[in-house]
Amino acid sequence: MALQPFTNEQLNYFKFAHVVLNEFPRALRQTFKAMWDNTFGHLPGFQPWDDSVAVRNMFLATEGGTTKVHTHLSYDEWDCTALFQATIFARSFALPDSTGHHRTLSNLFVRPRGLPHGSFHASVISPGANNAETIALAIDQLRLLRNAFCHSSSSEMDKPTFDQYIQHTKDAIGALGLTTGPIDTVGSLTEADFPTQRVRTLEDEIKRELQAESAFLKEDVKDELVGIRSDIMQLKQERKADVTRTGSERRKEIQELQNQLREDMSKEHQGQRISLKEDVKEEMIRIGSDIAQSSQELKQDVTQAVRETKEEIQELRHKLKEDIRKELQAESALLQEGVKQELKNLRSDIAQSNQDPKEDVPQVAGERKEEIQGLKNKLELNTKQRKEETLAFSVKTTSRADQEVNEQVAELKRKFDEVLQERRLPGKNNC
């Protein structure tokens, strides 16, 4: 039974199906082979990719002994799903990230971009001219185109979508360093290039691709779940370890804080002691200065008081001498008056005696001489007694003045000692 004529949309669909089912695997195999040769082909114990059992086992070993790729089959039989797994999802081509951990090309270059579902990379060229990033983005672009085609709910494709898919394909294959000639020829395909048998074959291949994709997704989901469980267990272990470590770190931090607090308090206390010593030292210096000043002032006061007292004593002595002199003068005047009176009387008596008989003259003269000598002796005795009394009074007065001076000096010394005691008390309290 002949098929109905294709619409342009159906023809676009079969054209792109031809690209996905034929050109994608071819480009991916060539890229995988180049990646293997560049990474392992020159290393000791390895060999370039020749699709032999030995080299496929080497690939299995570099994957850690387990892989979703059927390494027991020729890589010519690997479909797009297996080839994606063998390139951007392979541990063999993982590279270190900024922390030094090895990550697959997809995790390192593709996943961080956070591409929305159903969209494509705007460019597959690395912004930093990183060849590994360009290869990862180009392979992932082919994966996105294949998924968009396989998950399409219609067997038709409008021209804008077809043109967009073809352009993305050419950009990705060109970035991998491969020729885009086969892609260009797709545009010239006509309905005659898709006879009934060819269409049936394409439909079968599409079904197998979908089944392989479904199986891969199931395995991927299963592995993802296992990975999630493993991650959860690991997170639990890490959290438990973190809790233990956190408790230990907290105790260590508390201990460090306590030690720091003690050290700070010790430093602060030491600083306070130094400051207190400086304050006490300054206070002692100030007290010493005040004491010296007070001592000087007190010394000046004592000197002034002694000088004034001496002046008073000198004045007292001078006054006393003057009083004694006046008193002696008065006594002397009295005595002289008495002597004069006695002499006058004596002259009177002598004059009268001249009138008496001469025989009485010697007797009277002798008596008068005795009386005159008596008066002289009496005058000398009185003068001597007066001098002694005056001298005793002077000595007594001087002693009393000296005692008063000594008492004043003692009082000044006592006040000085009280001042010193009051000055010392603040210093002792501060110490």
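None of the figures in this text is laboratory data; all of them are computed from the coordinates on show. Predicted model, so just to flag it, every value in this text is computed and none were measured. Virtual Cβ from ideal backbone geometry, glycine too; neighbours counted across all protein chains shown.
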**Item:** Least to most buried among 79, 140 (fewest other Cβ within 10 Å first)
**Value:** 79, 140
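What ranking do 266, 152 get, fewest neighbouring Cβ atoms within 10 angstrom at the top?
Values: 266 10, 152 15.
Ascending number of Cβ neighbours within 10 Å: 266, 152.
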**Fill in**
Row for segment 8-194, column shape: gyration tensor on C-alpha, a ≥ b ≥ c, rounded if a/c < 1.5 i.e. under 1.5, prolate if a/b over b/c, else oblate; value prolate
**Asked** Given a Förster radius of 35 Å and the C-beta distance between residue 278 and residue 411 as r, what FRET efficiency does 1/(1 + (r/R0)^6) yield to the nearest 0.05?
**Response** 0.35
**Request:** Obtain the nm distance between the two label points defined at residue 261 and residue 164 by a simple spin-label model: each point lies 7 Å from its Cα along the Cα-to-C-beta direction.
**Result:** 6.5 nm
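Around residue 105, what is the net charge, scoring Lys/Arg as +1 and Asp/Glu as -1 over all other residues with Cβ under 15 Å from its Cβ? Mind showing how you got there, number by number?
Working: positive: 91, 103, 111, 113, 143; negative: 63, 97, 133, 140.
So the environment of residue 105 carries a net charge of +1.
Restricting to Cα pairs below 8 Å that are 6+ residues apart, what does the relative contact order work out to for segment 8-194? Please round to a whole percent.
On the way: 194 pairs, mean separation 48.9, N = 187.
Worked out over segment 8-194, it gives 26 percent.
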**Request:** Please report the relative contact order for segment 32-142, taking Cα pairs under 8 Å with a sequence separation of at least 6, and give it as a percent rounded to a whole number.
**Result:** 16 percent
**Asked** What ranking of 284, 157, 58 emerges when the number of other C-beta atoms within 10 Å of each C-beta is taken as an exposure proxy, fewest first?
**Response** 284, 58, 157
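Do you know the relative contact order of segment 1-74, to the nearest whole percent, from alpha carbon pairs under 8 angstrom that are 6+ apart? Walk me through the numbers before you get to the answer.
Details: 28 pairs, mean separation 11.0, N = 74.
Contact order relative to length: 15 percent.
Set the Förster radius R0 to 30 Å, insert the Cβ-Cβ distance between residue 132 and residue 43 as r into 1/(1 + (r/R0)^6), and round the FRET efficiency to 0.05.
Working: r = 17 Å, r/R0 = 0.58.
After rounding to 0.05, the efficiency reads 0.95.
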**Spin-label pair residue 73/residue 102, simplified geometry with 7 Å Cα→Cβ offset, distance in nm** = 2.7 nm
**Message:** From the phi angles alone, apply the Karplus equation (6.51, -1.76, 1.60; θ = phi - 60°) to segment 110-127 and give each ³J(HN,Hα) in whole Hz, x where the residue is Gly or Pro.
**Reply:** 8, 4, x, 6, x, 5, x, 5, x, 9, 10, 5, 5, 8, 9, 8, 4, x
**Request:** Choose one of 172, 182, 85: the residue whose Cα lies farthest towards the positive end of the charge dipole of segment 8-194 (beta-carbon charges +1 Lys, Arg; -1 Asp, Glu; about the Cα centre).
**Result:** 85
**Request:** Give the long-range amide H neighbours of residue 103: residues separated by 5 or more places, or on another chain, with amide H under 5 Å away, using H modelled in the peptide plane at 1.01 Å from N.
**Result:** 95, 97
